[in-house]
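The values are calculated or read from the model by the stated rules, or taken from the named source; none is laboratory data. What you are looking at is a predicted structure, and each value in this text was computed from that prediction instead of being measured. Here Cβ is always computed from backbone atoms with ideal geometry, including for glycine, and neighbour counts include all displayed protein chains.
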Amino acid sequence: MEHIKNTTKLIGIKDLNIKIALVLKHKSHIEVRAKLDYPAPACPHCQGKTMKYDFQRPSTIPILDVQGLAAVLKLRKRRFQCKACRRVSVAKTNLVKKHGQISQPVWTKITQLLIEKQTNTDIVNRLQVSVSTVQRQLNAFTLKDNLETLPEILSWEEFERNKGNLAFIAQDFKTKKIIAVLENNRQTTIMKHFYKYSRQAREAIKVVTVDMSGAYIPIIRKLFPRAEIVLDRFHIVQHLSRAMMTTRIAIMKACDKTSLPYRAMKKHWRSLQPALSFLGEA
Ligand SMILES: [Zn+2]
């Protein structure tokens, strides 16, 4: 649990230098007016002393939904002027990536929605960002952290990205952490991506789970020579049989040990399903 101290945090803004001035509820969206300000820093050009100047005209940044409505942040950034070289610089925030107008929480949301198998158009409608933004996010989603480690169990899945085009996602099976989101599901794209990892990292993968088609099996063998391949179909069966077992045990616990259902289930535990249907009739 996280203790949220500021209204800004509520709407996904972590930068404490951003202060909300006004929140307006329009018919179609929520508008949050805020200012970005902090003590005058050294001049980025000459390292000289700067002083507070004016505020930039507001830039519009989509942020996380508020009360189920799309929300935008109208952010006015402080400008500083250098006392030595007279040049003007603008206050910085990592809420927005440099040269970008999309806030970090929205990027996160886009990624999340992409994973939830939404089409680009849906995402655009929900978040009020342009198609190119979504596209950019997909392209930017290449792994930048270390190429030395991969999880023990890797899940591969395809998801529909845009009008029937399939994209590719790899996740850590245990933690659900995203390892890769690739623009398409072509084998060359997938191979190229995973060959960026060291052989040692690739050999550390013990299990790869894939969908039922089995089309990926040859490249999985090449990429992860030590991995066992588990088709999701078997996963489902595994989950089912585990659920069956739990149910059977729960029923048995509830029954008298001398009762017919109890004895029947104890004796015929291997044939789980018949045992359960038999109980239904008993
Ligand atoms: Zn200067």
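Looking across the stretch 32-54, the residues that are among the charged types (D, E, K, R) and within 16 Å of the ligand (Cβ to nearest atom) come down to Lys49, Lys52. Cβ-Cβ contacts under 6 Å between residues 6 or more apart (or on different chains), taken from a first residue in the stretch 186-205 that is closer than 16 Å to Trp156 by Cα to a second residue that is in a helix (DSSP H, G or I), are listed as Gln187/Ile219; Met191/Ile219; Phe194/Leu223; Arg202/Leu223.
Is one or more of the residues making up the stretch 74-91 of a type in the set (Phe, Trp, Tyr), surrounded by fewer than 18 Cβ atoms within 10 Å (Cβ to Cβ), more than 33 Å from the chain's Cα centre (by Cα) and over 16 Å from Val106 (Cβ atoms)? No, the stretch 74-91 contains no residue that is of a type in the set (Phe, Trp, Tyr), surrounded by fewer than 18 Cβ atoms within 10 Å (Cβ to Cβ), more than 33 Å from the chain's Cα centre (by Cα) and over 16 Å from Val106 (Cβ atoms).
This table checks each residue for (1) part of a loop (DSSP other than H, G, I, E, B); (2) at pLDDT 85 or above.
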{"site": "Lys5", "(1), (2)": "yes, no"}
{"site": "Lys19", "(1), (2)": "no, yes"}
{"site": "Leu22", "(1), (2)": "no, yes"}
{"site": "Gln47", "(1), (2)": "yes, yes"}
{"site": "Thr50", "(1), (2)": "no, yes"}
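Within the stretch 1-24, the only residue that satisfies the criterion of being loosely packed, with under 12 Cβ neighbours inside 10 Å and basic (Lys, Arg) is Lys5. Report yes if some residue within the stretch 28-39 is among the hydrophobic types (A, V, I, L, M, F, W, C) and without any contact (Cβ under 8 Å) to a residue 24 or more places away in the chain; otherwise report no. No, that holds for no residue. Within the stretch 216-261, restricting attention to residues that are surrounded by 13 or more Cβ atoms within 10 Å (Cβ to Cβ), part of a loop (DSSP other than H, G, I, E, B) and touching a helix residue (DSSP H, G or I) at 6+ places or on another chain (Cβ under 9 Å), which residue is modelled with the highest pLDDT? For the stretch 216-261, the residue satisfying everything is Phe224.
Take the conditions (1) crowded, with 18+ Cβ neighbours inside 10 Å; (2) at pLDDT below 75; Gln101 misses just one of them, which is (1).
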